[in-house]
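The values are calculated or read from the model by the stated rules, or taken from the named source; none is laboratory data. Computed from a predicted model, the values in this text were never measured in an experiment. Backbone-built Cβ (ideal geometry, glycine too); neighbour counts: all protein chains shown. What goes into the accessible areas is simple: the full protein's heavy atoms, side chains included, and nothing from ligands, DNA or RNA. Shrake-Rupley method; radii C 1.70, N 1.55, O 1.52, S 1.80 Å.
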Amino acid sequence: MRLSSDSALPAAIARPGYPRERLQPRIVHLGFGAFHRAHQALYAEKLANEHASDWGYCEISLQHGQQKIADLQRQELLYSVAEMDDDGWQGRVIGVVRQALHLQADGLAAVLAAMTRPEVAIVSLTVSEKGYCHHPAGGDLMTDHPDIAHDIAHPLQPRSAPGLILAALRLRRERGLPAFAVMSCDNMPANGQVTRTVITQLAQRQDAGLAEWVRREAAFPSTMVDRIVPAVTPETRRQLQSLLGGIDDEIGVACEPFSQWVIEDNFPQGRPAWERVGAELVSDVLPYEEMKLRMLNGSHSFLAYLGYLAGYQHISDCMQDADFARAARHLMLAEQAPTLRLQGVDLAQYADSLLQRYRNRALKHRTGQIAMDGTQKLPQRLLDAIRWHLAHGGNFACLALGVAGWMRYVGGRDEQGRAIAISDPLSERLADLVAGSEEGRPRVLALLQLETVFGRDLPDTPVFVNAVCEAYQRLLALGAKAAVAALPTHAS
Ligand code: CS2
């Protein structure tokens, strides 16, 4: 039996305790992925349950996720979230979704109609780093990206997320409606600024008047989002089903109990009272984003590449290896923490809480999942801190090994010689660079040519180039496990 409002669920499962029809879809969300389902939607659910809020969601998926939207539509727009740790699972049914649309299946007209309702105050996004179609190193719009090139030529038939948002803003302007706030919930520093840049640069290519209006009228609040939500596996699905007393939920998700959300308070058309359910509303999110991106995501990527190469399938498996746990802590405290400007947070405590979260064995967070899209992740997770060390004469051996681990990983063969399926928007370019270079230093130099990842500065900095080359050679000579064990981590 599929999840529905009539499902006979076990008493321990929390469910909507409010009249769902009270909720208005005043937030349109792009990207109905696992992270959104377990994070932002849950804050709205708590607000509706505990504070009589009327903020509901319209969920839209653009390219992928057609089946998930169809499942949501078939389940009366209900789905479940389970928080899991070693002691057990805690389930809850989420009822804040009021509408669900897929761009291809339901059509552009329906999607734009949802985005141009007068009461829509916020359009939020979890489309992953690559969904912004920007150059990760510099932040500018990638005008030769196929979807962007298409959207420049066909503004009224958008394919990309920036193109769709802009089409909706264009219609709102024509109809005399206020612009909504565009809130990125993806893992990029200054994600509001990135979103603003890609949308206004696209607008500039289409219509200068529209670009000017967007710059003046639309708000682009930044956010820092945090919750570990691994991709759902058949095993998770089975566990969820038993938690729900045998009821099937095709789009249920499981995540860790921890959740954090820091939001720049910049919503001219209003916003839910997120602070009532644990979110922090601040005037400047960047210091929080940098802390999270460098300490959490940076160590995640380090563990993902080196752990994968060492044969560890999950982050919790990496934590069983004392050398990996020690290296991750050193990376966080000795190499990332000094680069941060956030005041008033105990970073040693933060690092230890992250390691504790990584040890959660119920999570099964695959290193191969985190390893995806490295070209989009490296700059903010590892390279920004390396730039800080280059400017301050600091030691960055762990960061350099992380970069070398990525290079070895995108070489496409693990240490047993088995093929690695590289999932990355630049995978073809990566494969060309790998095929065109010899193993060793030439491979490193070839990959450093990726200007969109490394910029122009890093490949021109001998200290950096040599550090990565040395780390890479050590990886080749010793293997990932021994290379991590050999890291000088005594200072932390
Ligand atoms: C992970 C993140 O897949 C990844 O790249 O590092 O999804 C991470 O789990 C979240 O950012 C945690 O908030």
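Brief remarks on what is shown
- Residues in the chain average 38 Å² of solvent-accessible surface per residue, probe 1.4 Å, ligands and nucleic acids excluded.
- Partner lysines for Lys481 [C-alpha distance under 26 Å; skip if fewer than 8 residues away on the same chain]: Lys292, Lys364, Lys377
- Computed [θ] at 222 nm, deg cm²/dmol, the chain (DSSP H ≥ 4; -39,500 (n - 2.57); rounded to nearest 500): -12500 deg cm²/dmol
- Label zone (Glu119, point 7 Å along Cα-to-C-beta; backbone nitrogen cut-off 20 Å) within segment 1-32: 16-30.
- Cα gyration tensor shape for segment 286-486, rounded if a/c is under 1.5, else prolate or oblate: oblate
- One chain, two ends: Asp432 and Met1. Fully extended at 0.36 nm per residue, the span grows by 150.3 nm beyond their Cα-Cα distance.
- Using C-alpha pairs below 8 Å separated by at least 6 residues, the relative contact order for segment 20-283 is 22 percent.
- The chain, relative contact order in percent, only Cα pairs under 8 angstrom and at least six apart counted: 15 percent
- By the rule of a C-alpha distance below 21 Å, with chain neighbours fewer than 8 residues away ignored, the lysines paired with Lys68 are Lys130.
- Prolate/oblate/rounded call for segment 306-347, Cα gyration tensor, a/c under 1.5 rounded: prolate
- Sequence-distant residues sharing a close amide H with Asp424 (under 5 Å, placed H): Asp373
- Contact order, relative form, for segment 87-243: 23 percent (alpha carbon pairs under 8 Å, 6 or more residues apart, mean separation divided by residue count).
- Straight-distance crosslink candidates among aspartates and glutamates, where the alpha carbon sits under 14 Å from Lys46 and sequence neighbours closer than 8 are dropped: Asp54, Glu275
- Multiplying the residue separation of Gln260 and Asp86 by 0.36 nm and removing their Cα-Cα distance gives an extension gain of 60.6 nm.
- The modelled label-to-label distance for the pair Val232/Ala109, using points 7 Å beyond Cα in the direction of Cβ, is 3.2 nm.
- Gain upon complete extension [Gln63, Asp144; 0.36 nm per residue less C-alpha separation]: 27.3 nm
- Element breakdown for the chain at a 1.4 angstrom probe: carbon and sulfur atoms account for 48% of the accessible area.
- Shape call, segment 230-315: gyration tensor on alpha carbons, a/c limit 1.5: oblate
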